[in-house]
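Remarks on the structure that follows.
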Amino acid sequence: MKILVVGAGMYVTGRHGTGVGTILASLAQMSRERPIEEVLVVARSPANEPLVAEAAARLNGTLGTQLQVRYRNLADGRALGDQLRLADFVGAIVCVPDHLHFDIAAELLEAGVPSLIVKPLVPTAAEARELIAIQDKTRTYAAVEFHKRWDEGNLLLRRDLAAGKLGALVYGVVEYSQRINIPTDVFKSWADRTNIFQYLGVHYVDLFYFLTGLRPLRVMAVGTRGVLVGRGVDTWDSVHAHILWGRAAADPRPFVTQLAISWIDPTITSALSDQRIKIIGEHGRIEVDQKDRGIEVVTQGGGIQHANPYFADFLPDDNGRLAFQGYGYKSIAAFLRDLDSIARGARSYADFETLRPTLRQSLVSTAVVEAVNQSLSQNFEWRPIEDATS
């Protein structure tokens, strides 16, 4: 099994104090379970090569694995297929800036390479539909790495909503923010080509769809600017989106969600992400603090930190070995297991439409992202959403 990883940034290798690097760590962990012959990481900066090598050595040392990881620099302006033999890869994980997703995903799907794409899928619904058309033509499995679907707190939410414990849903609120060094340092080269809602808020758009099964009807967003512009990054400091959800366009009692998303938190905050969600129904409410989960670590060197081992961390397993675990890992592990089941003929790509955040399911969050971007650029007007479920 050869895996292609397109991109070598923080989510792949870990850097800038953002963690251990979820993608390579997950692949190293899965190499205990699946015969991964090699992982090829490709990107467009020679400076990535030592970072990838260091990450691979660190992970193999921590987990006692022998995952073979190579790095290859790509030439600008040339397609993947002109530089790599895509048929060699059982699957690909795409982790590049938002504006590059479409071209890379389209090429991989045309070549029949099953792909896991980090969120957001693409910035526009037209691009998403084009990718779905290519997928249907080549019958190639693809999904979006919406790892919040594997978070036990969110699964509890889904269970209780499905059981009707809250009655008819009335409204939901999300507060989600990240440290300011994400746009000013980690993503500085492309932060002005995205915004915090498109990059981060999309997680909770997908989550509301996953939790409720409702479809978005209308969207309105307002934003604030100034802090990041003053630091040389021309993008929104925060985006505040109101989304109306229902079963039909004329739903008399829409479910209203309010998402306040920003990335200007101080770098000394106790966690990279500050996040919480609440859902209120006619018979009750559920609130989940997804930053403060009751674990506080205080050290001389690190100060006060709210640890989140539920997302991704090295923890002892049943055999006393350190193992990479958490819902971030589970998302990537599920993709590799899905590839195996398809290769064995046990399932086809279409079998996952109700099980995974597939391209079709991700059309919903893409349509909302596009409508939010339109509202931001059109004096914060309400934007209708066409049927985003087909």
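Just so you know, all these numbers are worked out from the coordinates, no wet-lab data involved. Fair warning: this is a prediction, and the values are worked out from it, not measured in the lab. Glycine gets a Cβ as well: all are built from the backbone with ideal geometry, and neighbour counts include every protein chain shown.
The table that follows gives values for the structure above.
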| item | result |
| --- | --- |
| Highest-fluctuation residue, PHE89, PHE324, PHE335 considered, GNM on the chain with Cα pairs under 10 Å | PHE89 |
| Principal axes of the stretch 1-95: Cα extent on each, largest first, Å | 37, 31, 17 |
| Overall Cα dimensions of the stretch 101-243 - principal axes, largest extent first, Å | 47, 45, 28 |
| Cut-off 14 Å (backbone N to label point 7 Å along Cα→Cβ of ASN73), residues of the stretch 39-65 | 42-52 |
| Environment charge of PRO254, counting only residues whose C-beta is closer than 11 Å and scoring Lys/Arg +1, Asp/Glu -1 | +3 |
| Along each principal axis, Cα extent of the stretch 155-207, largest first, Å | 46, 16, 14 |
| Label-to-label distance, nm, for residues given as ALA162 and SER348 (7 Å Cα→Cβ offset) | 2.5 nm |
| Most mobile listed residue (ALA350, ALA126, ALA250) in the chain, GNM with C-alpha springs under 10 Å | ALA250 |
| Most fluctuating residue given options ALA92, ALA191, ALA57, as computed from a GNM of the chain linking Cα atoms under 10 Å | ALA57 |
| For the chain, with +1 on Lys and Arg beta carbons and -1 on Asp and Glu, the positive-most of PRO252, TYR176, ALA87 along the dipole | PRO252 |
| Value of relative contact order over the chain, rounded to a whole percent, pairs C-alpha under 8 Å and six or more apart | 18 percent |
| Nearby lysines by direct alpha-carbon distance to LYS2 (threshold 21 angstrom, same-chain neighbours under 8 apart not counted) | LYS330 |
| Segment VAL222-GLU33, length gained on full extension (0.36 nm per residue, minus Cα span) | 63.4 nm |
| Cα-centred dipole magnitude for the chain, charges only on beta-carbon of K, R (+1) and D, E (-1), debye, nearest 20 | 380 debye |
| Using θ = phi - 60° and Karplus 6.51 cos²θ - 1.76 cosθ + 1.60, couplings along the stretch 185-192 (whole Hz; Gly, Pro as x) | 10, 5, 10, 4, 5, 9, 4, 6 |
| Helix-only [θ]222 nm of the chain, DSSP H runs n ≥ 4, -39500 (n - 2.57) each, per residue, nearest 500 | -9000 deg cm²/dmol |
| Spacing of the two label points (7 Å from each Cα toward its C-beta) at ARG85 and SER377, in nm | 4.3 nm |
| Rough spin-label spacing in nm, given labels placed 7 Å along Cα→Cβ, for GLU49 and ARG293 | 3.8 nm |
| Antiparallel DSSP beta bridges within the chain, as percent of all bridges there, nearest 5 | 60 percent |
| Diffusion coefficient, µm² s⁻¹, Stokes-Einstein with Kirkwood Rh over alpha-carbon pairs of the chain at 25 °C and 0.890 mPa s | 114 µm²/s |
| Environment charge of GLU107, counting only residues whose C-beta is closer than 14 Å and scoring Lys/Arg +1, Asp/Glu -1 | -2 |
| Partners for LYS278 among aspartates and glutamates (Cα-Cα distance below 18 Å; same-chain residues under 8 apart left out) | ASP151, GLU152, ASP160, GLU175, ASP206, GLU287, ASP289, ASP292 |
| Expected-Rg normalisation [2.2 N^0.38 Å, Cα atoms] applied to the stretch 56-158 | 1.26 |
| Linear extension gain, ASP234 paired with ILE304, 0.36 nm per residue minus alpha-carbon span | 22.1 nm |
